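Please treat every number below as a calculation from the coordinates, not as lab data. The structure presented is a predicted model; accordingly, all values stated were derived computationally and were not measured. Every residue, glycine as well, gets a Cβ built from its backbone with ideal geometry; the counts of neighbours run over all protein chains shown.
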Amino acid sequence: MVPRSLNRFQQLNSATISGVSGLSQGEALAYLRDLVKQVAPTGYNVDYAGQSRQFEQESGGFGGTLLFAVIIVFLALAAQFNSLRDPIVILVSVPLALFGALIFVNLFTSLNIYTEVGLVTLMGLISKHGILIVQFANQSQLAGMSKREAIEHAAAVRLRPILMTTAAMVLGVLPLVIASGAGAAGRFNMGLVISTGLAIGTVFTLFVVPAFYLLLSTDHHGDAPSDDRTLGHDDPVLQA
């Protein structure tokens, strides 16, 4: 007896394997690859079709996408601050926030297309905290403060806006985390990354950004007009 038809894929004889499991798509494909290496004879390999093929292609390009996003944000900040140092100070909180989000990704889910979108979104959201601190510190230096006085003043004055912004963003994505019904898994993955990354990244921002500002930022104190005075906490210009 011979088979009625021979299935071919990419011009090669093939057998289609499909199934349903409680694992995520990434975990299931990783298990399939490991299993084929163990039991398949020499010369057999694995290729993908449908959603599995799309997942493999998109997962492979995530590193390039994240790098491209970092470059775009860096160039935008460099144009805004007219400096190459200040964007580095602002972006120093990004890897810390991503690391915090990945901890919860490994605990509760896996790296997939939804968590990858959440990580790229998180990078833009967490950068806002650094912008608030660095911009205000630069203005304080131009008002006559030293670099250390400026960053201490900026961190104190901008603390409340940063915490309020973080609370609003985390509460805004909370419905995604507790979602149920069709598509709840994808919404949970995205909401988990954004909420946990923002919370952890904010804590790092309040301590790490001021330290790197003292170390790397441009000294604007010398650019301040000679008749300017050092402004205090109650000065209406700095409180705006």
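Treating the beta-carbon of each Lys and Arg as +1 and of each Asp and Glu as -1, no other charges, what is the dipole magnitude of region 27-133 about its Cα centre, to the nearest 20 debye?
Roughly 200 debye, rounded to the nearest 20.
Give me the number: length gained by fully extending LEU174 to GLU149, i.e. 0.36 nm times residue separation minus the C-alpha to C-alpha distance, one decimal in nm.
Roughly 5.3 nm would be gained on extension.
Measure off 7 Å from each Cα along the Cα-to-Cβ vector at VAL120 and ARG53, then give the distance between these two points in nanometres to one decimal.
The two pseudo-label positions are separated by 2.2 nm.
Taking other Cβ within 10 Å of each residue's Cβ, how do ILE113, ILE126 sort, fewest first?
Lowest count first: ILE113, ILE126.
May I ask for the net charge around LEU132, where only other residues with Cβ less than 11 Å from the Cβ of LEU132 are counted and Lys, Arg are +1 while Asp, Glu are -1?
Net charge around LEU132: +3.
Under 19 Å from a label point 7 Å along Cα→Cβ of ASN82: give me every residue in region 139-182 with its amide N that close.
Backbone N within reach: 139-145, 147.
Can you give the FRET efficiency to the nearest 0.05 for VAL208 and VAL36, using r as the Cβ-Cβ distance and R₀ = 35 Å?
Calculated transfer efficiency: 0.20.
Starting from the Cα of LEU159, step 7 Å along the direction of its Cβ; do the same at ILE17; then give the gap between the two resulting points in nm.
A separation of 5.7 nm, rounded to one decimal place.
Once amide H atoms are built 1.01 Å from N in the peptide plane, which residues 5 or more positions from MET145, or in another chain, come under 5 Å H to H?
LEU231
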